[in-house]
Structures are given as structure tokens and as C-alpha cells.
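The numbers here are math on the coordinates, done by the rules we state, and not lab data. All of these numbers come straight from a predicted model, not from anything done at the bench. Using ideal geometry, Cβ is built from the backbone for each residue, glycine included, and neighbour counts are taken over all protein chains shown.
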Amino acid sequence: MTMQTAQDILDPNPLTVSPDTRVDDLARKLLEAGREGACVVDDAGRLIGVVTAMDLVYKEKRLHLPTLFTFMDAVIPLGWKRAERELEKIAGITVGQIMTRDVVTVGPGAGLDEIATLMVDKHLTMLPVVDGDRLLGVVDKRAVLAAAFASSETN
């Protein structure tokens, strides 16, 4: 039996949005389509980011304020960069402001084991499948579950 690859289990029609898409429009699209997230593409259709339902949930979280440390009459904020990143994400109005830019992707030949490992280790709900910078589709956790369950039934 041959191991399934990303090409075998990907959704070739992923939800895609532009970085200018409003966050509230994205939320509506995700809910209507029953999707975990969307791929963010530029005008040429190149993958430039991903945005997930968790990014939208993140906007509702309580801000983690930096800890202030006093040393010899100087007040030193600890964790300010984290608070700054959280504030940017919470205040974001467009997808481009809240999307993940450093996208984890796989090629079409990635095996099911590699996909599952990436998803678990990096806490991903969807994984774009690309050929160079061209988006071929996405593999989500449902596709991995279906492929794993199907292969366990044949063994």
C-alpha cells in the first residue's frame, strides 16, 4: 500500500482572501463555508499568509500587559514586545493586519506522516500545499483524520 501525500488529500478549492479583506467579512465567510481558516493571496494569486478562526478568536482575548520591573529607580517593562504584538492583532481591522506571514507549507509530495507531524508540533489546523509560490490547495485536520482513518481500515 502506498502512503498518501498532500496531493491526494488536499482541498483544491481553499477559501482565499486578499490582505485588504475586512476581518468581519472574513468571519462571515469562514462561518458560511464551515472552514477553519483562509489562505491570504496577493493580486497575482501568490500565498502571502494564512488567517484562521483562532486569529479571529484572538481578537476577543484579554490583553496581556507587560510586567514592570523596578531596578535602581528605573522601571523596565518585561514582555512589552509580546503585548505590542497582541495589541496589533486585537486591533486589526483587515486580514493583512492579523494574518500569519511566516506560513508553514508543504509540497504536493509531502507524506501523511510529515503533514500530521507539522500540524501537531506547530498547532496548525490547516496546511497550505504549494508548488513554489503557487497555491495548490490546503490540507486541514479533517482531511488528515479521514486519510488516517481510511488507511487504518484497510490494514
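At-a-glance table
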read-out	value
Cut-off under 5 Å, modelled amide H: who pairs with Thr21 long-range	Val95, Gly96
Inter-label distance for Asp42 and Asn13, nm, one decimal - labels placed 7 Å from Cα along Cα-to-Cβ	2.7 nm
FRET efficiency, 1/(1 + (r/R0)^6) with R0 25 Å, evaluated for Ala33 and Asp113 via beta carbons	0.30
Net lengthening on full extension, Gln97/Met54 (0.36 nm per residue, minus Cα-Cα)	14.0 nm
